[in-house]
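A quick write-up on the structure given underneath.
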Amino acid sequence: MFSATKRTITSAELFDEQQEIIILHAGEEYRLRITSNNKLIMTK
């Protein structure tokens, strides 16, 4: 079920033509990257 209160961001907006971004969460760094198969991988 879709909720109108959830924020939706496209990967194009999020990555802004980059292949990898850093997300800070609770003082920790997480790397979110686009693979060569166009999949998303997050690592700590």
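Worth pointing out:
- Selected residue [of a type in the set (Asp, Glu), at negative phi, modelled with pLDDT of 95 or more and surrounded by 10 or more Cβ atoms within 10 Å (Cβ to Cβ)] from GLU28, GLU13, GLU20: GLU20
- If the condition is being polar (S, T, N, Q) and part of a loop (DSSP other than H, G, I, E, B), then region 7-43 contributes THR8, THR10, GLN18, GLN19, THR35, SER36, ASN37, ASN38.
The values are calculated or read from the model by the stated rules, or taken from the named source; none is laboratory data. Source: prediction; values computed, not measured. Neighbour counts are summed over all protein chains in view; Cβ atoms, including those assigned to glycine, are modelled from backbone coordinates with ideal geometry.
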